Amino acid sequence: MGITMDTLLVLFPDQANEIGRLRSADTVFAQICADYESLTALMPCDAKDPTYSDLIESLRGLEDEIRLYLASRSQPPES
């Protein structure tokens, strides 16, 4: 996995397999993840700087979209 996927794994550590599955199967979800990773790469070390509030807001919106996708499209664990 690349450094960009690692940002998603930090945010959603228990759903790594599901993220990988959905990214392979759903182009919309894959694009949401790619957008999140691109914005994360733009984020400076000092995320508290108020000049980055739009970037932070965009990241939070994408995080919410990813959460919704995971909640609505996740497959139950195999027994």
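Between residue 14 and residue 73, what's the calculated FRET efficiency when r is the beta-carbon distance and R0 is 25 Å? Round to 0.05. Write down the numbers at each step before the final one.
On the way: r = 16 Å, r/R0 = 0.63.
E(calc), rounded to 0.05, equals 0.95.
Non-local amide H neighbours of residue 43 (under 5 Å, H modeled in plane, Pro and chain starts lacking H): which ones?
Counting only residues 5 or more places away or on other chains, the set is empty.
Using every pair of alpha-carbon atoms in region 3-73, split the distances into 10 Å bins beginning at 0 and state the percent of pairs per bin, rounded to integers.
Computed distribution, short to long bins: 19, 55, 21, 4.
Where a number appears in this text, it was derived from the coordinates with a stated rule and is not lab data. This one's a predicted model, so the numbers in the text were calculated from it and none came from an experiment. Note that each Cβ is placed from the backbone with ideal geometry, even for glycine, and that neighbours are counted across all protein chains shown.
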